[in-house]
Amino acid sequence: MSKAKLNISRLSIIERTAKCRQIIAALTGNPNFPNPNPPLATITAALDDSSNAFNAAQAARQDAKAKTSLQNDKDDIVGGLMAQLAAHVESVAGGDEMKIRSAGMDTKAAATAASDIPPAPQNLSATAGDRDGEIDLAWEAVSGAKSYVIERSPDPLTATSWAHDGVSTRSSQTVDGLTSGTRYWFRVAAINSWGQSGWSDPALKLAP
C-alpha cells in the first residue's frame, strides 16, 4: 500500500512554498479528492501568511545588514581618531607611564616575540546568513594575525573532506553558495608573518 510523501522538510522556504502551491493546484478540482481536509483555502491563506512573513524578515535582515555596515564604518572612524590621539599622548609623554595614565589611557604590556606563530582562533560560531545557502562565521580575533584561512567540510567529517573555502582579514566571514538543508563543518586558522596557527575547534551548521 502506497503512502503519501511530501518531501518538503529539507527544502528552503521558497522551494517549500512553491512545492506546497504545486500540491494545492493539483488537488484543486481533483475528482479523486472532492473534499480536502484541511480545506485548500485554509492552506493557501497560511502559505500567504508565511510568504509575507518571510518577505518581511528578508527586508528586515537587509536593513539590519546595511545599518550594521554603517555602524562599522563609523566605529572605524572613531578608532582611527583615537589611535591618532594615543600617538599624540605617547609623543608628548615621552614614554612617561604616569603622564600616559594621567590622560586616562593604559600603557602597553611588553610585546611577545615577533617570531611567534599565532595561537588557534577560539569560540568559532556558525549562524544562518541573510539568504538561503549562506552561513555567517565569527570567532575571537587573534592578536598579531594578519588574516584567517577558512575551511569547510560536508557532514560527516572524514580525513580528507576538508577543503579551502576562503581567506578573511577580519574575525568573521559569510560563506555562500551552500546547499540548503545540508550540514557543513567549518574551521579557522590564524596567519601572521611567521606562519599559520593550528585549527580552531570545528563548528557544525545546517545551511538555511
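The values are calculated or read from the model by the stated rules, or taken from the named source; none is laboratory data. Quick caveat, the model's predicted, so the values are computed rather than measured. Virtual Cβ from ideal backbone geometry, glycine too; neighbours counted across all protein chains shown. These area figures cover heavy atoms from the full protein model, side chains too; ligands, DNA and RNA do not enter into them. Shrake-Rupley method; radii C 1.70, N 1.55, O 1.52, S 1.80 Å.
Table: residues versus (1) aliphatic (A, V, I, L, M); (2) at pLDDT 90 or above.
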{"position": "A159", "(1), (2)": "yes, no"}
{"position": "D165", "(1), (2)": "no, yes"}
{"position": "D176", "(1), (2)": "no, yes"}
{"position": "L206", "(1), (2)": "yes, yes"}
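With the condition kept exactly as written, say whether any residue in region 69-88 is more than 30 Å from K146 (Cβ to Cβ), free of Cβ contacts under 8 Å to residues at least 12 places away in the same chain and in a helix (DSSP H, G or I). No. Considering region 6-24, the residues that are closer than 16 Å to T44 by Cα and among the charged types (D, E, K, R) include one that is surrounded by the most Cβ atoms within 10 Å (Cβ to Cβ), namely R16.
Taken over region 29-47, the residue count meeting the criterion of being surrounded by 12 or more Cβ atoms within 10 Å (Cβ to Cβ) and either hydroxyl-bearing (S, T, Y) or under 41 Å from the mean Cα position of the chain (by Cα) (or both) is 5. I'd like to check something: does region 77-97 contain any residue that is within 29 Å of T179 (Cβ to Cβ), surrounded by 10 or more Cβ atoms within 10 Å (Cβ to Cβ), out of contact with any Phe, Trp or Tyr (no Cβ under 9 Å at 6 or more places or on another chain) and not polar (S, T, N, Q)? No - not one qualifying residue is present in region 77-97. Which one of the conditions (1) closer than 29 Å to R16 by Cα; (2) open to solvent by less than 20 Å² (accessible area, probe 1.4 Å); (3) in contact (Cβ under 8 Å) with a residue 60 or more places away in the chain does L178 fail to meet, given that it meets all the rest? Of (1) closer than 29 Å to R16 by Cα; (2) open to solvent by less than 20 Å² (accessible area, probe 1.4 Å); (3) in contact (Cβ under 8 Å) with a residue 60 or more places away in the chain, only one is false for L178: (3). Hey, any hits in region 167-174 for a residue that's open to solvent by less than 60 Å² (accessible area, probe 1.4 Å) and part of a loop (DSSP other than H, G, I, E, B)? Among the residues of region 167-174, at least one is open to solvent by less than 60 Å² (accessible area, probe 1.4 Å) and part of a loop (DSSP other than H, G, I, E, B), which makes the answer yes. Cβ-Cβ contacts under 9 Å between residues 6 or more apart (or on different chains), taken from a first residue in region 31-56 that is closer than 23 Å to S12 by Cβ and in contact (Cβ under 8 Å) with a residue 40 or more places away in the chain to a second residue that is open to solvent by 60 Å² or more (accessible area, probe 1.4 Å) and not basic (K, R), are listed as F54/I13; F54/I14.
Considering K67, K3, the condition of being exposed (fewer than 11 other Cβ atoms within 10 Å of the Cβ) and over 33 Å from the mean Cα position of the chain (by Cα) is satisfied by K3 alone.
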